[in-house]
Amino acid sequence: MTKALRWLLSFVVLISTVSTAGAATAATRTEPADIKDRLLAIPGMSLVQERQVTGYRYFVLNYTQPVDHRRPARGTFSQRLTVLHKDTDRPTVFHTSGYNVSTNPGRSEPTRIIDGNQVSMEYRFFTPSRPAPADWSKLNIWQAASDQHRIFKALKPIYAKNWIATGGSKGGMTATYYERFYPRDMDGVVAYVAPNDVDNREDSRYDRFLANVGTPECRAALGAVQREALVRREALTEKYAALAATEGGTFTTTGTIDKAFEAVVLDLVWGFWQYQDEADCATVPAAATSTDQQLFDYVNAIVGWSAYTDQGLAPYTPYYYQAGTELGGPTVRQPWLGDLSRYGYQPPRNFVPASIPMSFDKHAMRDVDRWVRHHATRMLYVNGENDPWSAEPFRLGKGARDSYVFTAPGANHGANVAGLVEHERAKATERILSWAGLGTAATAAAKAPDHEVAPLAPYDRKLDRAGTLQQPTLRP
């Protein structure tokens, strides 16, 4: 009886194994072979467009997401994403700017370093990825991280190799928040010029930065342009009003054109150091001898007079909302302006329509900062020496493992791995290759002289041109 029972059990196990293997084989046979078909087989995924890119296939997609990941039955919205597909046998970079996603193909630096695929996500509430009606209370860092998590889970069966999260500025912040809430998803994080405003009430680091960046002569010249613009407030405001009328600009959100005017002028110093180089100090006009038009044109070139019109603010309402509810934002004193400034550095609340309620959560950034210092694993932060947003950076504590903070000398808000000093550039490249699961390439990079360590993919002037994936704004 015992032998017969053992035989019967063995037979059942054998039949079960054969059946499972047969089912797996059948599944393999029926699985779509084309990458587009595989992507569109994901529930909730739809195609917006496909474009051919040399060496890749490029897809713009919509993916159905819950408005509230805690209560997914309470409505959905379509979130836009793009896939730059190389090969399912290559690792994948998960990129976000923290704003809109560009529908023009572009390659982030980590994508080039690992020669992999790239998935780029539009941040929730940036149009067209905005629920209708918009419940702004559902715009927070946890909900956005949950968007990324859900996209990752949907795509991981297709792109089964290692994944690395990346982004610059608000995108670097987003990559950090994603890692904090879903630390088991990614195999590494590369965050560029990501500000870390732990205490929104204390911004003296930014004041010290602006008091010491560049040369005294350049700082004085920029300050003089600001002062002169405020001295000539009436004349320049007339030009501003004329330009706004031509462009259809209005000032309902700020309340008055005067507040918008001063917000632009006070952004001048910050905007210069965010995107200009020290060599551009030579282009700063002599304030006292400049005509009204010369001053007006220079401020427009650095900041943009449209930035604080209703039309200029509207695309960035989600950013200002988050800055005023969780992220925080810089408040710089600019003492060289004296009593010429009527409003000072205005808070995010001033740039969000009054109909949208806001309240600040002082614990959100403290929680993230504490997590990074104590739990960061396989995370790389790249900052720019001359970038104002890098004045309050993420820092690593004793609990961090295989994580690094590097600063590119002389770099602005476009700081990257390529701009690091040679040994740090080589180290960062080797670590990114390792985190991507490219052990052979990482080992070769570790053994090679620092100057020979390079991205696996050669430079492409269309995919890798400066600014392809950056937000050309004064926001982080």
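The values are calculated or read from the model by the stated rules, or taken from the named source; none is laboratory data. Keep in mind that what you see is a predicted model, and the values were worked out from it rather than measured. Virtual Cβ from ideal backbone geometry, glycine too; neighbours counted across all protein chains shown. SASA here: full protein model, heavy atoms, side chains in, ligands and nucleic acids out. Shrake-Rupley method; radii C 1.70, N 1.55, O 1.52, S 1.80 Å.
Once the whole set of protein chains is in place, how much accessible area is left on His413, using a 1.4 Å probe, in Å² to the nearest 10?
10 Å²
Given the alpha-carbon gyration tensor of the stretch 177-237, what are the semi-axes of its equivalent ellipsoid in whole angstrom, ordered largest first, with each equal to the square root of 5 times an eigenvalue?
Here the semi-axes work out to 39, 15, 13 Å.
Largest first, what is the accessible-area ranking of Val405, Val269 with a 1.4 Å probe?
The ordering from most to least exposed comes out as Val405, Val269.
Express in whole angstrom the spacing between the alpha-carbon centres of the stretch 266-344 and the stretch 354-421.
23 Å
Which listed residue (Ile257, Thr440, Thr96) has the Cα farthest towards the positive end of the charge dipole for the chain, taking +1 on Lys and Arg C-beta and -1 on Asp and Glu C-beta about the Cα centre?
Thr440
On each of the three principal axes of the Cα atoms of the stretch 202-257, give max minus min coordinate, whole Å, ordered largest first.
39, 27, 18
With bins 10 Å wide starting at 0, give me the P(r) of the chain over every alpha carbon pair, in whole percents.
Percent of pairs per bin, in order: 4, 18, 27, 24, 15, 6, 2, 1, 1, 0, 0.
With angles folded into 0 to 90 degrees, how steeply does helix 364-375 sit against the dominant principal axis of the chain? Use alpha carbons for both and round to 10.
Around 50 degrees separate the two axes.
Using only the Cα atoms of the stretch 303-446, what semi-axes does the equivalent ellipsoid have when each is the square root of 5 times a gyration tensor eigenvalue? Give whole Å, largest first.
The answer is 36, 19, 15 Å, longest axis first.
Enumerate the whole-percent occupancy of each 5 Å bin, from 0 to the last occupied one, for all C-alpha pair distances of the stretch 103-224.
2, 8, 15, 18, 16, 12, 10, 9, 6, 3, 1, 0
Starting from the Cα of Leu40, step 7 Å along the direction of its Cβ; do the same at Arg70; then give the gap between the two resulting points in nm.
In this crude label model, Leu40 to Arg70 measures out at 3.8 nm.
When the accessible area of the stretch 46-96 is computed with all protein chains present and a 1.4 Å probe, what percentage of it is carbon and sulfur? Show your work: numbers first, answer last.
Numbers: 910 of 2260 Å².
Answer for the stretch 46-96: carbon and sulfur cover 40 percent of the accessible area.
In the chain, what % of DSSP beta bridges are antiparallel (nearest 5)?
Once the DSSP bridges in the chain are tallied, antiparallel ones form about 50 percent.
What is the magnitude of the charge dipole of the chain about its Cα centre, with +1 placed on the Cβ of each Lys and Arg, -1 on the Cβ of each Asp and Glu, and no other charges, expressed in debye to the nearest 20?
2140 debye
Helix 233-247 sits at what angle to the longest principal axis of the chain, using alpha carbons and giving 0 to 90 degrees rounded to 10?
Helix 233-247 sits roughly 50 degrees off the main axis of the chain.
In µm²/s, what is D for the stretch 222-294 at 4 °C and 1.567 mPa s, where D = kT/(6 pi eta Rh) by Stokes-Einstein and Rh is the Kirkwood radius from Cα pairs?
Details: Rh = 13.4 Å.
This corresponds to a translational diffusion coefficient of 97 µm²/s.
Between His374 and Glu50, what is the label-point separation in nm under the 7 Å Cα-to-beta-carbon projection?
Output for this residue pair reads 4.9 nm.
Give me the log10 of I(q) over I(0) for the stretch 36-160 at q = 0.16, 0.17, 0.19, 0.21 Å⁻¹, as the Debye formula computes it from C-alpha points; what are the numbers?
-0.75, -0.84, -1.04, -1.25
Mind ordering 389-395, 134-140, 439-445 by average Cβ neighbours within 10 Å, highest first?
Ranked from most to least packed, the peptides come out as 389-395, 134-140, 439-445.
Rounding to the nearest 20 debye, state how big the charge dipole of the stretch 183-338 is about its Cα centre with +1 on each Lys and Arg Cβ and -1 on each Asp and Glu Cβ.
300 debye
Please list the three semi-axes, largest first and in whole Å, of the ellipsoid equivalent to the stretch 364-476, using sqrt of 5 times the eigenvalues of its alpha carbon gyration tensor.
In descending order, the three semi-axes are 24, 21, 13 Å.
Taking 45 Å as R0, compute the FRET efficiency from the Cβ-Cβ separation of Ala444 and Thr291 and round it to 0.05.
The computed FRET efficiency comes out at 0.15.
Could you provide, to the nearest whole Å², the per residue accessible area of the chain with probe 1.4 Å?
So the chain comes to 44 Å² accessible per residue, rounded to a whole number.
Computed over the Cα atoms of the stretch 202-333, what is the convex hull's projected area averaged over all directions, in nm²?
8.4 nm²
Can you check how the C-alpha radius of gyration of the stretch 161-270 compares to 2.2 N^0.38 Å, as a plain ratio?
Dividing the Cα radius of gyration by 2.2 N^0.38 Å gives 1.53.
Can you give me the convex hull volume of the Cα atoms of the stretch 140-187, divided per residue and expressed in Å³?
62 Å³
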